[in-house]
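Right, one structure below, let's go through it.
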Amino acid sequence: MSTKLKEVDVVIVGMGWTGGILAKELSETGLSVVGLERGDFKTTADDYSLPNIRDELRYTIRQELMQNASRDTLSARNNPTQEALPMRRLGSFLPGEGVGGSAIHWSGGTWRWTDMDFKIRSMYEDKYGKKYIPEEMTIQDWGITYAELEPYYDKFEKVAGVSGKAGNINGQTQVGGNPFEGSRKNEYPLPPLKTILSAKIFQDVAKNQGYHPFPRPSANASEAYTNPDGAHFGACQYCGYCQRFGCESNAKGGPQMTVIPIAMKKPNFELRLNTWVTKINKDSNGKKVTGVTYTNLKTGEEFIQPAALVLMCAFAFNNVHLMLLSNIGTPYDPVSGKGLVGKNYAYDTGVGAELFFEDKHFNPFINAGGTNTVIDDFHANWNFDRSGPGFVGGYIVSAGHNTNLPIGYRPVPKGTPMWGSKWKEETAKWYQTAMSISTRSGVLPHRHNFYDLDPTYKNAFGQPLMRLTFDYHENELKMDTHGAGIVNQMVKALNPTKFSNAVATKRSWNTVPYQSTHSTGGTIMGTSPANSVVNKYQQSWDCPNLFILGASVFAHNSAYQPTGLVGALAYWTADAIKNKYLQNPNKLIS
């Protein structure tokens, strides 16, 4: 039997970046706020300090910071004709668990998405014509603009301690930055990380070929830093234990060491750990949410937490799962094209080349999440003519070692045996002398890429698993083919001793190898209830006292990593709640 608790003003589901930002911002208004997190609270001093954190087996191979797939996972298939099977072990993506969420183990990449994304359909139709966009590519304008978000990007970068070099300040191009980025008011709060040898080699060849290389913006503090809220960052130590690890030097920006500790100082904020939310509750007419139902994972007790305002701040597919389990909105149907919850799942794609130089030593163990040099000439550069290769979207190209650890990083030239004495010999010979050049492209939404509830498999609470139907389509192959050509031109110019060229192939998505944790869509943002689950303030069209935050609201994916936009949107929504919604708790857009 459930225990009904005293009503609070706000309940937050999930305490990663979005939950942490909203907890801090709303608790400062005096509202009573409860944050629910299914995992524990780990700290730098107790959990990420030396020597324990430098354990590749524990954190990379055994995935200690990730969601427990034996308790809840998703099933997957490539198309609706297949039977979906559960992911018994996380592979393709690695959502985090615990306070901080995936921001504990992320690499720190922090980008500003621009109007090329927010106005994607109208911009492509204006430039290339309506017939250029494939019929089954379900892209749409988001209803928000870069100009609206610019101050919130700036705020998030300062809070997260982002290191980088601006390329466009108040419309003026800046030497050394990304000339294709949106105009910004301020420089990054910290200078870029040091340029390691592989990134410098890429920088030189890119310049020689007429491109515009720049250091990847990243929430890895290049020097000691105190953010505007008073949170202290140590300087990055280039230890190499970044992606999939907590940061031993407190240099990697995350909510667990910035916004959440500030919220916890407020007497009107309460953090409840090991709490698994199973349902968003609605009133009798289904027009408002009334709170959540959750289970205490330590005791097994079930509670109902009433709240005037519910904020869904879980990982992207967990937000979608909870919407479907709670019967909020209409589930997407790929046959009819009707319904919206679950629509427009999107992911990443890319290609890469591996280069081996007998005369260079890269020290691949000395790096950070942001020690990459990047070119954006084929993504944010709107002057790049896509009509020849025929794709929508674009890709970035980058190089630079990061998180190259002893178990997982064993580069050997093509043709080397996969085991035995020859493999050992080649591993020892080439470990110091290898680098790679790769592309990253956003997979754009397709009619047959979607989420729904699995009819067969259930989680530990007896609820249907989330089912993901996803595969790559022609647009991804076109992007990868063009990107492979650019990468291979660079490889040829560098004249390595040995190399494996980038190759684009028509392939299906595989759940086993890690690719990225950049899953987007399912509760998408748009201009009306007819084309989206939330409005531009991330407010549900169906229930105005429900806000859904994070990458699940992205109407498509981009070549950029999502966290910069996730953070900016969180601050944008917090501002809208504080200054608009609380004055008139109703629909912010009619």
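What follows draws every value from the coordinates through simple rules; no lab data is involved. Keep in mind the model is a prediction, meaning the values are calculated, not measured. Quick reminder, even Gly has a Cβ in these numbers, built from the backbone with ideal geometry, and neighbours come from all protein chains shown.
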The simple spin-label model distance between VAL175 and ARG58, using points 7 Å out along Cα→Cβ, in nm, is 4.7
Expected sort for MET264, MET137, MET525, MET15 with the fewest Cβ neighbours (10 Å cutoff) up front is MET264, MET137, MET525, MET15
Note: probe point = Cα of ILE589 + 7 Å toward Cβ; backbone nitrogen < 19 Å; residues of the stretch 509-545 passing the test are 521-545
Taking Cα pairs closer than 8 Å and at least 6 residues apart, the relative contact order of the chain in percent is 22
The chain: antiparallel bridges as % of DSSP beta bridges, rounded to 5, reads 65
Taking the stretch 113-248, the whole-percent share of alpha-carbon pairs separated by over 18 angstrom is 66
Final fewest-first order of TRP17, TRP382, TRP419, TRP541 on the 10 Å Cβ neighbour count is TRP419, TRP382, TRP541, TRP17
Residues meeting the amide H criterion for VAL503 (H placed from the backbone, H to H distance under 5 Å, 5 or more places apart or on another chain) are GLY352
So the angle from the long Cα axis of helix 563-576 to the longest Cα principal axis of the chain, reported in degrees to the nearest 10, equals 30
Put in order of increasing Cβ neighbours within 10 Å, starting from the fewest, LEU57, LEU340 give LEU57, LEU340
Measuring from the longest principal axis of the C-alpha atoms of the chain, the long axis of helix 421-430 (C-alpha) lies at a number of degrees, nearest 10, equal to 90
